[in-house]
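To start, the structure itself, in structure tokens.
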Amino acid sequence: MTFVLTNLVPGDPATANLGEQASSDPAAVAEYRRQHGLDQPLPIQYARYLEDLARGDLGQSQQSHQPVLTDLRAAVPATMELAALAILLSLLVGVASGVVSALHRNRLGDHVLRVLSLLFVSMPTFWLALVAFYVFFDQLGWAAGSGRLDPGVTAPANVTGLYTVDAVLAGQWFTFWNAVSHLILPALVLTAHTVGLLTRFTRSAVLEVLSQDYVRSARAKGLPERTVLVHYVLRGALVPVITVAGLAFGALLSGTVLVESIFAWPGLGGYAFRSATTFDLPAVMGVGLVIGTIYLFVNLAVDVLYGVIDPRARVQ
Amino acid sequence: MTEANHAERTRPQRAEDQRDILDIVGLTVALPGRTGTGTTVLHGVDLRLKPGGIHGLAGESGSGKTMTGLAVMGLLPPGARARGRVLLDGEDLLSLSAHELGAVRGRVVSMVFQDPSTCLHPMLTIGHQLTDHLRHHLKIGRKEARGRAADLLGRVRIPSPAEALSRYPHEFSGGMRQRVAIAAALACEPKVVIADEPTTGLDVTIQAGVLRLLRGLCDELGLAILLVTHDLGVMSAIADEVSVLKHGRVVESGPRARVLTAPRHGYTRSLLEALPGRTAT
Ligand SMILES: Nc1ncnc2c1ncn2[C@@H]1O[C@H](COP(=O)(O)OP(=O)(O)OP(=O)(O)O)[C@@H](O)[C@H]1O
Ligand SMILES: [Mg+2]
């Protein structure tokens, strides 16, 4: 799949990677192609690719001159750290404000939250990233700069690849706070869109459940409003919220492409951006594989959660 | 002759002068309309329930039967306004705060809703839904509550009640769910139960069983039931008193035998005539 897509792109990796001068020299181009097997017919290229893949070899990146696998090993945890924080924040804030919005339906709080969430959903993430970087870093100097750590701070011993977790494991609190300070701004930027999305969907899910007969029945039993809300309403609204959270995570990952480039975050998104713009095909295919796998696991997790939440969805 | 019929009932006749447990006086309910003017769906409804008695409430669809029940429970749709008095054991429910009402609902007065398939939460076990209000109102532990819940399920003829507690609503038939809902309404041994079409959609034998159960509870515990139904057959089988609603007004009210055999109002007569295989005398 990723192989077909990447080969359909109308671009020539040879000219993109050789530089201005060399690409005007037909001999150099031919040599480059032969070296990278690009002179072979596509089916043979594909067979070779699969063969290498089976051995865990994703090829060599033409930009970093390192195996793609090595690049990905470094990039995936960086993105995961960012994306996990962003989705957690989105869930916390989005679900809470969606519930508040629904409970205050058509009152001031609801109107404010609806306008805000609409604003967040429709704001382009890359634009927000640029503005945030300019305002909070350039102008106010509140946020830490680009990258995962300040220059001069060494990365903690690699255990999970998540700097915050690794720093805690190593007991390096200074490194931990430094990593957190670098995470916050890009994570918040990524959060904006998904928070808006989750607020809107949670609101409508909660409103839908509030009108259900089983909520009226729960009230008729004289249960305290808090119990009705937590046990009956939120439980009922959880399935649509989880569905949207899964989709939101996908949106969030695609948001990393530009956000990571702007914040010079050494993650998957920035790597995807660089390799796509330079037609670094092995790298693009590697990124595609990883992203595909992540989507697969997210969907799997969503399905498992359906079963946990809703007994009707359990396989008998 | 009609009075004689009434006295023939096998169960002991409650003292006529016994105080009403539920006394609805001049209940008027206005719902917010689309245009903001609002529509009045109940116009000065009067109803009285005696302890141990079953009061049948009949009337065509849209006449306001469910609204009457919801007004008693304080569960009218948002924006609705209720006037009049709903005296439960002498206390006016319409004047209670939300908090005070919470202590009454499900404990002193409870309601079985019209549609059994939607009134149980699909993602919570039967046991959860039968015990949460029990534990809240009676301040009893989980184990004791489950024991009582299993007991209740047995009484509404749910097979293997103990296992049923850990199952989910979708694993039961519509009729069983209806009986579970009845069990939930009875759990805290309330004094009044509003049963909104509790037997609609049940097959005849189960319907008879549910009616017998309700009758038995009235006799045993002195429970008073407001039985909403547009099935006059059910009414004649079980009710002590009958009221007929039309367009939000009580057009006829009195002892069952009198209302069903010698209706004073033309509307009641036409309802009776609409019954298959039956003619009004
Ligand atoms: N949520 C609501 N908003 C506005 N009007 C409503 C609402 N629910 C019911 N009504 C109106 O109130 C009136 C009384 O309805 P109610 O549900 O009490 O009728 P009912 O006697 O229970 O009928 P049925 O036998 O069909 O259950 C009807 O005219 C109905 O259109
Ligand atoms: Mg009704």
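What the table below lists for this structure:
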read-out: All positions within segment B:30-55 that are surrounded by 15 or more Cβ atoms within 10 Å (Cβ to Cβ), over 30 Å from residue B:220 (Cβ atoms) and either of a type in the set (Val, Ile, Thr) or within 14 Å of chain A (Cβ to nearest Cβ) (or both); value: B:40, B:41
read-out: Contacts under 9 angstrom Cβ, first residue in segment B:252-273 being without any contact (Cβ under 8 Å) to a residue 40 or more places away in the chain and surrounded by fewer than 21 Cβ atoms within 10 Å (Cβ to Cβ), partner part of a helix (DSSP H, G or I) and among the basic types (Lys, Arg), 6 or more apart; value: B:264/B:258
read-out: Residue in segment B:167-181 that is more than 9 Å from chain A (Cβ to nearest Cβ), surrounded by 24 or more Cβ atoms within 10 Å (Cβ to Cβ), basic (Lys, Arg) and closer than 29 Å to residue B:99 by Cα present; value: yes
read-out: Single unsatisfied condition, residue B:114 versus (1) facing chain A (nearest Cβ under 10 Å); (2) open to solvent by 60 Å² or more (accessible area, probe 1.4 Å); (3) over 20 Å from residue B:237 (Cα atoms); value: (3)
read-out: Tally of residues being without any contact (Cβ under 8 Å) to a residue 24 or more places away in the chain and facing chain B (nearest Cβ under 8 Å) across segment A:226-255; value: 3
read-out: Test result for residue B:129, open to solvent by 50 Å² or more (accessible area, probe 1.4 Å) and either of a type outside the set (D, E, K, R) or facing chain A (nearest Cβ under 9 Å) (or both); value: no
read-out: Residue list for segment B:182-201, filter: more than 14 Å from chain A (Cβ to nearest Cβ) and surrounded by fewer than 21 Cβ atoms within 10 Å (Cβ to Cβ); value: B:200, B:201
read-out: Verdict on residue B:234 being buried (at least 21 other Cβ atoms within 10 Å of the Cβ) and of a type outside the set (Gly, Ala, Ser); value: yes
read-out: Residue in segment A:120-133 that is in contact with a Lys or Arg (Cβ under 6 Å, 6 or more places away or on another chain) and assigned by TED's automatic domain parsing to the domain that holds residue A:254 present; value: no
read-out: Selection from segment B:56-74 of residues that are crowded, with 17+ Cβ neighbours inside 10 Å, within 13 Å of ligand 2 (Cβ to nearest atom) and without any contact (Cβ under 8 Å) to a residue 60 or more places away in the chain; value: B:70, B:71
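The values are calculated or read from the model by the stated rules, or taken from the named source; none is laboratory data. Computed from a predicted structure; not experimentally measured. For neighbour counting, all protein chains shown are included, and Cβ atoms are generated from backbone atoms with ideal geometry for every residue, glycine included. Heads up: the accessible areas ignore ligands, DNA and RNA and are worked out on the full protein's heavy atoms, side chains in. Shrake-Rupley method; radii C 1.70, N 1.55, O 1.52, S 1.80 Å.
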